[in-house]
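The values are calculated or read from the model by the stated rules, or taken from the named source; none is laboratory data. All figures in this text were calculated on a predicted structure; none of them were measured in a lab. When we count neighbours, we look across all protein chains shown, and the Cβ atoms used for this are built from the backbone with ideal geometry, even at glycine. The protein model used for the area step is the full one, side chains on, heavy atoms only, and it has no ligands, DNA or RNA in it. Shrake-Rupley method; radii C 1.70, N 1.55, O 1.52, S 1.80 Å.
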Amino acid sequence: MKNEDLKLAYRYSDLQESGDIVVEARFKLKAGDYDTIQAKIAELTEKRESKQPLEYPSCGSVFKRPVGHYTGKLIQDAGLQGYTIGGAQISKKHAGFIINIGGASATDYINMIHHIQEIIYEKNHVLLEPEVRILGKRTKYDVVDDGFEHQ
C-alpha cells in the first residue's frame with residue numbers, strides 16, 4: 001500500500017478501521033542539514049517536555065480534539081486538574097493527560113475518562129471522544145462509577 005491508500009489525516013488512517021496490521025514500512029526521507037535537523041529536534045523536544053507530563057507514566061493524550069474546542073482547556077476550566085481516582089490523576093501540567101501517580105489500574109483510567117466526559121458534557125454540552133483505545137473485556141468485578149449505564 002502507498003500512503004495515499006491509507007487516507008492519512010490528523011491522528012487517523014484507514015488502518016484504524018480496517019484492523020490491518022503494519023509489519024513493515026518504508027519511508028522516503030529528504031536530505032537536510034544535520035545541524036538544522038538537530039536544532040529542530042531539540043526545539044520540539046523542549047516544547048514537548050515543557051508542556052506534557054513526561055515525568056509520569058500515562059497513555060498520552062486521552063481525548064480527540066472536539067471541533068472548536070481544546071480538550072485540555074475544557075478540562076482545566078471545569079476545575080478538574082489534579083482530580084484523582086485511585087492512582088489515576090488528571091495532570092496538573094496538561095489537563096489533556098491522565099497520569100499514573102502510583103498503582104493506577106485500567107479501571108481507574110476508565111472511570112476517570114467517563115468522569116471527565118460527564119463533567120464536560122454537563123458544563124459545556126461537548127462530548128469528548130476518547131482517542132485512546134481500551135482493549136480487553138470488562139469483567140463483573142470492574143467498578144465503573146461514572147453515572148453512565150455500561151454493558
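Once both labels are positioned 7 Å from their Cα atoms along Cα-to-Cβ, the gap between residue 40 and residue 8 label points is 1.4 nm. Rounded to the nearest 10 square angstrom, residue 93 shows an accessible area of 80 square angstrom against a 1.4 Å probe. Surface composition of the chain: carbon and sulfur atoms hold 52% of the protein heavy-atom accessible area at a 1.4 Å probe. Rounded to the nearest 10 square angstrom, residue 105 shows an accessible area of 50 square angstrom against a 1.4 Å probe. Just to confirm the number: angle between the C-alpha axis of helix 106-124 and the first principal axis of the chain, 0 to 90 degrees, nearest 10? Compared with the principal axis, the helix lies near 80 degrees.
Hey, what's the chain come to in accessible area per residue, 1.4 Å probe, Å²? Walk me through the intermediate numbers first.
On the way: 11390 Å² over 151 residues.
Computed with neighbouring chains in place, this is 75 Å² per residue.
As a ratio to 2.2 N^0.38 Å, the alpha-carbon radius of gyration computed for the chain takes the value 1.25. Count Lys and Arg as plus one, Asp and Glu as minus one, and take only other residues whose Cβ is under 12 Å from that of residue 131; the net charge is then +3. Gyration tensor over the Cα atoms of region 68-109: the corresponding equivalent ellipsoid has semi-axes (square roots of 5 times the eigenvalues, largest first) of 20, 9, 8 Å.
Taking a temperature of 25 °C and a viscosity of 0.890 mPa s, what whole-number D in µm²/s does Stokes-Einstein yield for region 4-80 with Rh from Kirkwood over alpha carbon pairs? It comes out at roughly 148 µm²/s.
To the nearest 10 degrees, how steeply does helix 34-51 sit against the main Cα axis of the chain, on a 0 to 90 scale? Between the helix axis and the principal axis of the chain, the angle is about 10 degrees. The count of lysine pairs in the chain with alpha-carbon distances below 23 Å, taking only pairs 8 or more places apart or on different chains, stands at 26.
GNM on the chain, C-alpha springs below 10 Å: top fluctuator among 97, 63, 27? Sorting by GNM fluctuation, first place goes to 27. Determine the shape class of region 29-70: with a ≥ b ≥ c the square roots of the Cα gyration tensor eigenvalues, call it rounded for a/c under 1.5, and otherwise prolate if a/b is greater than b/c, oblate otherwise. The shape class here is prolate. The calculated FRET efficiency for residue 77 paired with residue 47, based on their beta-carbon distance and R0 = 22 Å, is about 0.45.
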